Each structure stands twice: as C-alpha cells, then as structure tokens.
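The values are calculated or read from the model by the stated rules, or taken from the named source; none is laboratory data. Not measured: the values here are computed from a predicted model. So basically every Cβ, Gly included, is an ideal-geometry build from the backbone, and we count neighbours across all protein chains shown. Heavy atoms of the whole protein, side chains included, go into the accessibility calculation; ligands, DNA and RNA do not. Shrake-Rupley method; radii C 1.70, N 1.55, O 1.52, S 1.80 Å.
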Amino acid sequence: MTSTLSIRTPDDWHLHLRDGEMLQAVVGHTARQFARAIVMPNLKPPITTVEQAKAYRDRITAALRASQGADAAAGFTPLMTAYLTETINPAELELGYGEGVFSAAKLYPAGATTNSDAGVRDLANIQSVLETMERIGMPLLIHGEVTDPAVDIFDREAVFIEQQLIPLLQRHPGLKVVLEHITTADAADFVATGPDNLAATITPHHLHINRNALFQGGLRPDFYCLPIAKRERHRLALRAAATGGSSKFFLGTDSAPHPRGSKESACGCAGIYNAPFAIESYAQVFEEEGVLDRLEAFASVHGPTFYGLPLNTGTIALERSGSNDSIPGLMELENGSTTPTTLVPFHAGEALNWRLNQAQWHTKAA
Ligand code: NCD
Ligand code: ZN
C-alpha cells in the first residue's frame, strides 16, 4: 500500500475566514494546506467595495503573519470576493475585478444563510450587475437555495435550480457561474450536463455525511450547515461527481467556523469547521472510491483552470496516519487574546487514513 502521497499544492475555492480573533485562530489551518483560497465576503458589514476587500485581504495576511510567521503569510494568497447587494454598483465590481482585487462575486439569496440579510431578494434587481460580470468574465458564485419558508429545507437547492438558476443561465448565457457547495444529485446532474461556463464546488462534509448524521444518538449541531446534508443517495451522487474526473467539479471546503457556544445553543449557527483536516478528508473519499490518482485534479487543477488562474507550482505531501493519529475532539486555538478560541473540527474523534505530516508553507503561484 502506498505510504506517501504527493500532489500539486491545492487551493480552496470556497472558504469562510471571518475576522478579528476568529480569523487569527483559523487562518493557519487553511494556509498550511492550500496556496490560495476564495474568501467569502459574508462579514458584518459585508464586503461590497474594493477598499473593504483590500483592507480585509491585509487583515488576513496580518493575522497569518501574527499566528504562523512571515513565511506562512508570504506563501498564501487570499482571493477576495464581493458580496452582491441589490444596490451594489456594477462599476465597483468592474474596477475591483480589473485591478485584480476581486476574483469573483458572491450571490446570497437574502435570508438563505449566515449573514445573508444584505443579499439579493430579486435577481431582477441586479440585472445590470450580472450583465457587467458576463461582459468582463467575472465569475458569479451562487449560494443555490430558495428562501421561501414554504419550501421544505431539503428541497431548497433543487427548487433553486428550477426556479432561479435555469432562467438566470438563459438570460446570461456567457456568465461564468459556480454553484457552490452542492448537496444534491439534482445539482450534480445539472452541472455535469450544463455548459462549460457552469461548474460546482463540493465540500468534504457533504461527501462524508448524510442527513442522518444530524440526529445520530441525539441532536448534533456540529453537523449542521447550509445547504443542509441530504439523503444518502445524494451523498453518493456527490461522491461520483467529485471523484469521476470531470473538470466541472472542484474543491471548496465551505469551512465555516462558529464559536462553540454559538453552535451548541438553542438556535445553533450553520457551519462546519473542516479546515484543519480538509485535504485529508478529501483524500479519504478518493481512496475509498479507489481513485486516489484523481485527487490532484479535483484539488489543484480544475479550480484554477475554471477561474483562468495559473496552477500552483509546489507540492504537498501526505503520509499514512499512525494508529494514534485521531482527530482531536476539540481544538483550543491561539487568537492573539488571553482566551483561546474553542472549535470542534469536522471528523472530531475519528481516524483518517492520511495526514499532512507537518506545517509546510508554499511559494506563490507563478
Ligand atoms: C456559512 C457561514 O457560516 O458563513 N455557513 C454554512 O453553513 N455553510 C454560510 C454559507 O456558506 O452558507
Ligand atoms: Zn459558504
């Protein structure tokens, strides 16, 4: 059996890094595995201007330098996104994209998820924004769920595709679209059979768990995220999509840390913190499916190719885990304050086949 696995340095095409103490606590986990990450803009207030995005980018780099040192900060590139509101100025997007500050813009249907209140209620209200993005080739990243409370939560992605996404792609046939964190066979099929300008990210957790995990032995808030995990047949369809070799599917963790008290509460927040062992989690899936040789394309090639960015030039090495290598049940993370941030990582208490052996900082993409 192979005992080491070396792949081209991967990127994370969907990530929540937060701000302040949480940012400082978590950013090192991503930077040790990934050379770049598409950073979600759902802060409070959301990132809607070029100046805000630049300032946030600087805070990310500063937090990485403070927590992991200068080499770590030099080797990680945060790729910034704009948060689409109904009043965002298309000229601001064009400016930011032209300057290389914005890599993409994110569409949150208002009310769909964490900090989405400032999002879009009616796509008709951002028509000129979408026309601009289509013209300049700027990718639109979509949280694909309808928000109508009358639609069952497990159906919201499939209904979004029918009611919103199909008409949107018809109105903007040249728009580059990434359907983020897909969770259903419907989405996997739709993307697989769609045009080349349509792709999707897939999280590690949706490859590992189905909706039963939320209720295994009791209510399990650490498995609650949006879009919510679906039935087993959907998980299997996602595994087939991720590991099948199609360039339309690529890695996006949707790692979304919330303080432990906000998860384990009467109204717990949505979001799974998978950043600490993300590449290991994906490697496990590819190995279980017998296609470890396809991990690199999914993790390191399909994403940059879709975004029109160079591939990373370095490599990361994974090693087979030892018998004592189980994932911690809790992580107490330094954050620059006197009290550490406590987070429950995805796979808490489990053993995974592979382990990134040590912190390794990358050199920048060419
Ligand atoms: C994300 C968050 O907490 O910001 N939560 C989640 O469950 N994925 C938002 C999102 O991506 O929907
Ligand atoms: Zn997300």
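The number of residues in the stretch 1-33 being of a type in the set (D, E, K, R) and in contact with a Lys or Arg (Cβ under 8 Å, 6 or more places away or on another chain) comes to 3. Counting only helices (runs of 4 or more DSSP H) wholly contained in the stretch 1-79, the ones carrying 1 or more residues that are open to solvent by less than 10 Å² (accessible area, probe 1.4 Å) and among the β-branched types (Val, Ile, Thr) occupy 20-31, 50-68.
Where residues in the stretch 161-212 are in a helix (DSSP H, G or I) and β-branched (Val, Ile, Thr), which of them is most open to solvent (accessible area, probe 1.4 Å)?
So, considering only residues that are in a helix (DSSP H, G or I) and β-branched (Val, Ile, Thr), the one most open to solvent (accessible area, probe 1.4 Å) is Ile166.
What residue, among those in the stretch 100-114 that are open to solvent by 10 Å² or more (accessible area, probe 1.4 Å) and of a type in the set (A, V, I, L, M), is nearest to His14 (Cα to Cα)? Only one residue fits best here, namely Ala112.
Rundown of residues vs (1) of a type in the set (S, T, N, Q); (2) within 16 Å of ligand 2 (Cβ to nearest atom); (3) touching a strand residue (DSSP E or B) at 6+ places or on another chain (Cβ under 9 Å); (4) open to solvent by 10 Å² or more (accessible area, probe 1.4 Å), yes/no style:
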| residue | (1), (2), (3), (4) |
| --- | --- |
| Gly98 | no, no, no, yes |
| Asp122 | no, no, no, yes |
| Met133 | no, no, yes, no |
| Val146 | no, no, yes, yes |
| Val159 | no, no, no, yes |
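A search for C-beta distances below 8 Å between a residue of the stretch 108-120 that is touching a residue at least 24 places away in the same chain (Cβ under 8 Å) and any residue that is more than 12 Å from ligand 1 (Cβ to nearest atom) and acidic (Asp, Glu), counting only pairs 6+ apart in sequence or on different chains, returns Ala110/Asp117; Gly111/Asp117; Val120/Glu86. With the requirement that a residue be open to solvent by 30 Å² or more (accessible area, probe 1.4 Å), not acidic (Asp, Glu) and not in a loop (DSSP other than H, G, I, E, B), what does the stretch 260-296 give you? Within the stretch 260-296, Arg260, Gly261, Ser262, Leu292, Arg294 qualify. Among the residues of the stretch 80-115, those that are part of a strand (DSSP E or B) and either more than 16 Å from ligand 1 (Cβ to nearest atom) or farther than 20 Å from Phe306 by Cβ (or both) comprise Tyr83, Phe102, Ser103, Pro109.
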